[in-house]
Amino acid sequence: PASAAPNTSSVPLAGMVNPEDLFDIVQQAEFYVSIGEHDLAIGELRQHIAEHETTSPVAYLELLRLYRTLSRAADFNVLRQKFMQHFNAQVPEFATFDRAGKSLEQYHDALAEVEAEWSSDTVLNVLEKHMFYKAGDKRKTPFDLAAFDDLLLLLAIAQTTPPSMRGAPP
């Protein structure tokens, strides 16, 4: 192939939602749920997903949890399939959604890659590689939802903490 060299000029997590902005959206949805306005919460999350379809897995997961709570299996199943098209995680089916599966600690190779780059800016690229599908990517074995949640936490920390504050290089 003519372009055998990796594209290093791409911005890591281009278009990725700022963790603080996402927190605001999730808080707004939780507020609506707390006052019994489930449709407003669903609307907030669906609007956010429409604007950030391939870059905001947290919004998908919040909406999946809400659909599960409201016993909206058909909506859950549609969103579950859409999530799995964009993100490298196996979402359990509606009836078994509370069984999140293995944590990241049980994915030794992926965890070792993240640990090796944790105190470097390149950890964002490593996390992106494991979490997101991009055009042309070959499908990888997806992570269990518990491991994907662990990756989301690490991503939020890496996005909001300078590399020098994440510990000594390995």
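The values are calculated or read from the model by the stated rules, or taken from the named source; none is laboratory data. As the structure is a computational prediction, the values presented were derived from the model and not from experiment. Here Cβ is always computed from backbone atoms with ideal geometry, including for glycine, and neighbour counts include all displayed protein chains. Note: areas computed on protein heavy atoms with side chains; ligands, DNA, RNA excluded. Shrake-Rupley method; radii C 1.70, N 1.55, O 1.52, S 1.80 Å.
A few remarks follow.
- In region 124-155, residue farthest from E20 (Cα to Cα) [restricted to those that are surrounded by fewer than 16 Cβ atoms within 10 Å (Cβ to Cβ) and of a type in the set (A, V, I, L, M, F, W, C)]: A135
- Selection count, region 28-59, where residues are part of a helix (DSSP H, G or I), open to solvent by less than 80 Å² (accessible area, probe 1.4 Å), more than 16 Å from A156 (Cα to Cα) and not charged (D, E, K, R): 12
Table: residues versus (1) farther than 22 Å from I49 by Cβ; (2) in contact (Cβ under 8 Å) with a residue 12 or more places away in the chain.
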{"residue": "L64", "(1), (2)": "no, yes"}
{"residue": "R68", "(1), (2)": "no, yes"}
{"residue": "P92", "(1), (2)": "no, yes"}
{"residue": "H108", "(1), (2)": "yes, no"}
{"residue": "R139", "(1), (2)": "no, no"}
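- Evaluation of D98 against the conditions (1) within 14 Å of V58 (Cα to Cα); (2) open to solvent by 60 Å² or more (accessible area, probe 1.4 Å) shows that the sole unmet condition is (1).
A quick yes/no check of all residues on (1) out of contact with any helix residue (DSSP H, G or I) (no Cβ under 8 Å at 6 or more places or on another chain); (2) modelled with pLDDT of 95 or more; (3) of a type in the set (V, I, T):
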residue: H52; (1), (2), (3): no, no, no
residue: L66; (1), (2), (3): no, yes, no
residue: K102; (1), (2), (3): no, yes, no
residue: K134; (1), (2), (3): yes, no, no
residue: K138; (1), (2), (3): yes, no, no
residue: I157; (1), (2), (3): yes, no, yes
residue: T160; (1), (2), (3): no, no, yes
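- Test: residue in region 14-32 that is modelled with pLDDT of 90 or more and of a type in the set (D, E): yes
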